[in-house]
Each structure stands twice: as structure tokens, then as C-alpha cells.
């Protein structure tokens, strides 16, 4: 599947990894619809890249159904779905203020894991309507996990659990959708220069970068976007989680 022929929905694309992916896809000729809760920044990015926008709560079934329908109407089809929407919190299982707040744990799982599956399943139903190509392919779903799924640090119980779930559902989802010609891949990024990290003091950023073996720097969100684009075009990639982290193993 060529990127220039791709019609993609990208969640969380008003900022960070999602925005970088949306911009790269559009630069390569793809149609893009941004799905995001940010009703101010989202339309702005969509306008800048010549794409579309749908205000979306990934945890809400009706909201995502409406967004997918809007995207399909505007682009004529959906052939790719990239899930980048997510949140990160830091809280120990038992901290100075007592046990981990249960509502915060549930919210993290709801947005990062349930939200990813919600969008993926509804996008897959739309992608399944496409005519197959010579390989029988109809489209691809790319979900975003994290290296925290494999070696989460202290204070990351909720985040690591949510991302571990995203990584864990990659293969069974790929197997579920194989008969429909829909591939499923997952990207597990390391420490990237997202707006959240950009707000940290310079010395903290340098310390984080120093922990990355090679290259010893924070990831560029555009590198995430380029990997997502490669996955779209490389039709034999399926059912796998790819780490993009400069060989970082958190401890």
C-alpha cells in the first residue's frame, strides 16, 4: 500500500507523536483525518496539512463512530488507522499519600487501552469495506504502546499496564483481522521530545537523553511518523511490536 494512496485516521494528532505522523503522512500525499479532543489545536493542524478534523473522545463509542463516519465521508475511504491518543500519569502503588488512586488507574486504562481498542475495532469495520488489492490487503492499523510495556519504572504501574495491554492485543487482533486483509502493528516508542517532555528543565532533558545508548538523545517525533509510514507501505509486517528507543532499557 503506497502512502500516496492512503486515507488515514490518526488519533491524538493535535500534538506530539500523532501530529508528527499526520504531518509526515500528508507531506507524502496521504489523506489525513485528525481525531482528537482538542477542538482548538486539532482543526488548526488539519488546516495546515490540508486534512480533516473530528473532535473525538476515544473512550466513547458514539463519538468514535461519528468520527469514523465523518472521516470516511470526507476521504472516500479509510485504509489506515494510527492510534496515538493517550495519557501518562505517575503514582506509586503505595505512596506518601496512601494507595494509588483507583480512579486515576482506571482512567489511564480507559484512555490508553480501551480507547485504542475502541478506535481500532471501529476503524477496522470501515477498512473491511475496501476492495482488496492483489495481496488481499485492505488496510492497516497501527497502535502505540511504549517501552514501559516491557520495563516500566516505579510510578508507572497504571501507564505500563495500559501499554502492556496495547502490546498484548497486537498479535490476536492481527489474527482476528487476517481474513479481512487488515494488518495490525504496534510501535513502542522510548523517550521522545513530545510537548510533555519539552516542558521539563533543560538539565532534566539532558539527563534523560544521556540514558539512551545510541544515539544519546531524545527521539524526534518525526522518526515515529516515518516508522508508521514504513509500516503502512511494508505489507509483510504484521502482528508485531517494534521498539523505537535507541536501545534504551529503563531500570
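The values are calculated or read from the model by the stated rules, or taken from the named source; none is laboratory data. Note that the structure is a prediction, hence the values are computed from the model and not measured. Because the Cβ atoms are built from the backbone with ideal geometry, glycine has one as well, and the counts that use them run over all protein chains shown.
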>> Testing residue 120 on (1) part of a helix (DSSP H, G or I); (2) surrounded by fewer than 18 Cβ atoms within 10 Å (Cβ to Cβ); (3) touching a residue at least 60 places away in the same chain (Cβ under 8 Å), one condition comes back false. Which one is that?
In response: (2)
> How many of the residues making up region 21-41 are in a helix (DSSP H, G or I), touching a helix residue (DSSP H, G or I) at 6+ places or on another chain (Cβ under 6 Å) and surrounded by fewer than 24 Cβ atoms within 10 Å (Cβ to Cβ)?
Replying inline: 3
>> Could you go through region 132-149 and let me know if any residue there is on the phi > 0 side of the Ramachandran plot and out of contact with any strand residue (DSSP E or B) (no Cβ under 8 Å at 6 or more places or on another chain).
In response: yes
> Name the residues in region 191-218 that are at pLDDT 85 or above, surrounded by 14 or more Cβ atoms within 10 Å (Cβ to Cβ) and either touching a helix residue (DSSP H, G or I) at 6+ places or on another chain (Cβ under 9 Å) or assigned to a helix (DSSP H, G or I) (or both), would you?
Replying inline: 191, 192, 193, 194, 209, 217, 218
>> Looking at region 154-165, can you tell me whether even one residue there is outside any helix (DSSP H, G or I), surrounded by fewer than 22 Cβ atoms within 10 Å (Cβ to Cβ) and either in contact with a strand residue (DSSP E or B) (Cβ under 7 Å, 6 or more places away or on another chain) or without any contact (Cβ under 8 Å) to a residue 60 or more places away in the chain (or both)?
In response: yes
>> Name the single residue that is surrounded by the most Cβ atoms within 10 Å (Cβ to Cβ) among those in region 219-244 being under 20 Å from residue 195 (Cα atoms) and in contact with a helix residue (DSSP H, G or I) (Cβ under 7 Å, 6 or more places away or on another chain).
In response: 228
>> For region 123-145, which positions are buried (at least 18 other Cβ atoms within 10 Å of the Cβ) and either modelled with pLDDT under 95 or assigned to a helix (DSSP H, G or I) (or both)?
In response: 123, 124, 126, 127
>> Which numbered condition in (1) touching a helix residue (DSSP H, G or I) at 6+ places or on another chain (Cβ under 6 Å); (2) surrounded by fewer than 22 Cβ atoms within 10 Å (Cβ to Cβ); (3) in a helix (DSSP H, G or I) is the only one that residue 64 fails?
In response: (2)
>> Going residue by residue through region 72-84, is there one that turns out to be surrounded by 17 or more Cβ atoms within 10 Å (Cβ to Cβ), at negative phi, part of a helix (DSSP H, G or I) and modelled with pLDDT of 95 or more?
In response: yes
